[in-house]
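For reference, the structure discussed in these notes is given below.
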Amino acid sequence: MPEPPAPPAPELLQRLYGEQHRLCATPNPQLQLVLSQERAVDLIELEALCDAVGWSRRPLRRVRKALQNSLLQVGLWRHDPRLPRLVGFARCTGDGVVEATVWDVAVHPLYQGVGLGKLLMVYVIDQLQGMGVERVSLFADPHVVEFYAAQGWELEPQQRRCAFWYSP
């Protein structure tokens with residue numbers, strides 16, 4: 001069995017992903033994943049991720065503008081020192097003080113089912129809490145709202161599309 005790769009040098013990770021990156025534990029030691037809000041997201045790569053999860057296409061100019069107007073963008077990257085790959089994503093809008101809304105949460109199907117979506121959401125909430133945000137809402141497709149309920153999000157009364165998180 002091959003040896004797992006050595007952990008990437010902290011200087012390399014900081015250069016590629018910024019100071020607030022977070023390495024993710026994975027069940028496969030050959031796979032190194034990093035969460036970052038500082039690494040720029042390539043629109044073509046984001047579109048490929050959205051295609052992989054079955055979302056309808058949006059005009060790239062509108063996606064670019066949405067990203068520019070977001071309070072927070074978080075990428076989940078498969079680490080490769082030459083060409084990191086985007087395998088997960090989430091973004092938030094809001095005032096950055098009291099309230100925020102989470103949008104566009106996606107994890108590539110090849111990486112689903114091992115807790116990466118949960119790690120992504122924990123990272124998002126950590127970053128929002130660091131800003132002082134007290135309430136977070138999100139809108140999700142009906143078939144994934146239980147994912148958020150399992151993480152402690154409160155579902156709207158009909159439990160169809162909307163969930164809420166409140167600062168403890």
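What is the local net charge at T101, summed over the other residues whose Cβ is closer than 15 Å to its Cβ (Lys, Arg +1; Asp, Glu -1)?
My count for the surroundings of T101 gives -3.
Could you work out [θ]222 nm for the chain from helices alone, using -39500 (n - 2.57) per DSSP H run of at least four and dividing by all its residues? Round to the nearest 500 deg cm²/dmol.
Computed mean residue ellipticity for the chain: -8500 deg cm²/dmol.
Taking every pair of Cα atoms in the stretch 1-80, average 1/r, invert it to obtain the Kirkwood radius, and report Rg/Rh to two decimals.
Reported Rg/Rh (Cα atoms, Kirkwood Rh): 1.04.
For the stretch 114-138 and the stretch 40-81, what is the centre-to-centre distance using only Cα atoms, to the nearest Å?
Rounded to whole Å, the Cα centres lie 18 Å apart.
Would you mind counting up the charge near F139? Only other residues with Cβ under 12 Å from its Cβ, with Lys and Arg at +1 and Asp and Glu at -1.
Net local charge, F139 excluded: -1.
Average the reciprocal distances over every distinct pair of alpha-carbons in the stretch 80-168, invert the result, and give the Kirkwood radius in Å.
13.8 Å
State the extension gain, in nm to one decimal, for the chain segment bounded by V122 and F164, taking 0.36 nm per residue of separation less the distance between their alpha-carbons.
Result for the pair: 13.7 nm of gain on full extension.
Go ahead and run the numbers for FRET between L60 and V144, Cβ-Cβ distance against an R0 of 22 Å, rounding to 0.05.
In this case the efficiency is close to 0.35.
Longest segment of the chain with no trypsin sites (Lys or Arg not before Pro) in a DSSP loop having at most 15 other Cβ atoms within 10 Å?
83-159
Just need log10 I(q)/I(0) for the stretch 57-97 at q = 0.20 Å⁻¹, Debye formula, equal scatterers on the alpha-carbon atoms, no solvent, rounded to two decimals.
So the normalised log intensities are -0.75.
What is the calculated FRET efficiency for D95 to Q30, with r their C-beta to C-beta distance and R₀ = 41 Å, to the nearest 0.05?
It comes out at approximately 0.50.
What is the set of long-range amide H partners of L138 at a cut-off below 5 Å, with H atoms built 1.01 Å from backbone N?
Distant-sequence amide H within range of L138: V102, A163.
Along each of the three principal axes of the Cα atoms of the chain, give the extent in whole Å, ordering the values from largest to smallest.
Principal axes ranked by extent give 51, 35, 33 Å for the Cα atoms.
Scan around L71 for amide H atoms under 5 Å from its own, H built in the peptide plane at 1.01 Å from N, and keep only partners 5 or more places away or cross-chain.
Sorted by chain and number, the residues that satisfy this are C92, T93, G94.
Tell me, what HN-Hα J-couplings in whole Hz come from the Karplus equation 6.51 cos²θ - 1.76 cosθ + 1.60 at θ = phi - 60° for each residue of the stretch 106-111, using x for Gly and Pro?
Here the 3J(HN,Hα) series is 8, 10, 3, x, 5, 10 Hz.
Which FRET efficiency value, to the nearest 0.05, is calculated for L43 and W103 with the Förster distance at 22 angstrom and r the Cβ-Cβ distance?
Here the calculated transfer efficiency is 0.90.
Tell me which DSSP H helices of the chain clear both cut-offs, 18 Å or more of axial length from alpha-carbon atoms and a mean Kyte-Doolittle hydropathy of at least -1.0.
116-131
Since every read-out is calculated from the coordinates, none of them should be taken as a lab result. In this text, all values refer to a predicted model and were calculated from it rather than measured experimentally. Virtual Cβ from ideal backbone geometry, glycine too; neighbours counted across all protein chains shown.
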